[in-house]
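Taking it in order: structure first as C-alpha cells, then the write-up.
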C-alpha cells in the first residue's frame, strides 16, 4: 500500500493526481489547446499535495506517463518526476501512456485500441483485450481503410484517444465504436501505479528516458 504522486503530460492534458492504495485522493487537470505543462505542472503538484493534506515527504513513489506522446510534454513530466524522486529518495514508476487511455474503457466489452495523434494520417496505437492484456505492440502507423480489419471482423472494437477522429473518417465498420477527444489522465494512473509499486516494478531514476517511439523533428 502506498501514497503515490501521478503525473501525466504526454498530450495537451496536464494532469496531476495523488493516490493512496490505488484510490485517487485529488486530481488537478488542464486540457487547454496549447501545452501548459511548463507553467502548470509544479503549480498543480503543490495544489494536489495541499488538497490531499500531505507534504512531498509523505510520498512513497512518483508515477509518470512514459509515452509515446508529445516530445516536449514527456520531457517535462519525466524530468519533474526524476527530480522529485532524487530529492525525496523514493522510487520512480512508469506507466505506458496508451495503457492509460485503454483503462478509460473499463467496464466495456470487446477489443480496445488506444490512439494518439502523430500528425497527418499517422497515430501511435496499441491494442488490448477487455482485461487490458496487450494484443499487439505499440506502433506508429499510417491509418488506412483496412487498418484493424481482422479485429473488427471478430469483435466489437472501441477506439479511444485524440487520434480517433482520423480513423472514424475512413472506417464504416459496424463493429467500430469511437470515443473521440479522450486524453490520458492521472486519474487512470492511480490503480496501475499501485499494482506496479506492490511488485517493485520501478525504473532506474538515473537512466530512465521517455518512450518517444519516433525521433524528434523540430517544427
Inset, instruction - On a 0 to 90° scale, report how tilted helix 71-88 is relative to the longest principal axis of the chain, with both axes built from alpha carbons and the result rounded to the nearest 10. - result: 30
Legend entry - Kirkwood-Stokes translational diffusion coefficient of segment 160-200, alpha-carbon pairs, 4 °C, 1.567 mPa s, µm²/s: 104
Legend entry - Rounded, prolate or oblate (a/c below 1.5 giving rounded, otherwise prolate when a/b exceeds b/c) for the chain by Cα gyration tensor: prolate
Inset, instruction - Pull out a ≥ b ≥ c, the square roots of the eigenvalues of the alpha-carbon gyration tensor of segment 71-145, then state rounded if a/c is under 1.5, prolate if not and a/b is larger than b/c, and oblate in the remaining case. - result: oblate
Inset, instruction - Mind pulling the angle between the C-alpha long axis of helix 186-198 and the longest principal axis of the chain? Nearest 10 degrees, somewhere in 0 to 90. - result: 70
Inset, instruction - Using Cα pairs closer than 8 Å and at least 6 residues apart in sequence, work out the relative contact order for the chain, in percent. - result: 24
Legend entry - Distance cut-off 14 Å, percentage of C-alpha pairs in segment 105-180 lying past it: 56
Inset, instruction - Let me know the volume per residue of the alpha-carbon convex hull for segment 1-91, in Å³. - result: 85
Inset, instruction - Quick one: compute the contact order of segment 105-180, relative version, from alpha carbon pairs under 8 angstrom and 6+ residues apart, as a percent. - result: 31
Legend entry - Between helix 37-52 and the chain: long-axis angle, C-alpha atoms, 0 to 90°, nearest 10: 60
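All of the numbers you see were taken from the coordinates with simple rules; none came from a lab. On a predicted model such as this, the values are computed, not experimentally measured, just so you know.
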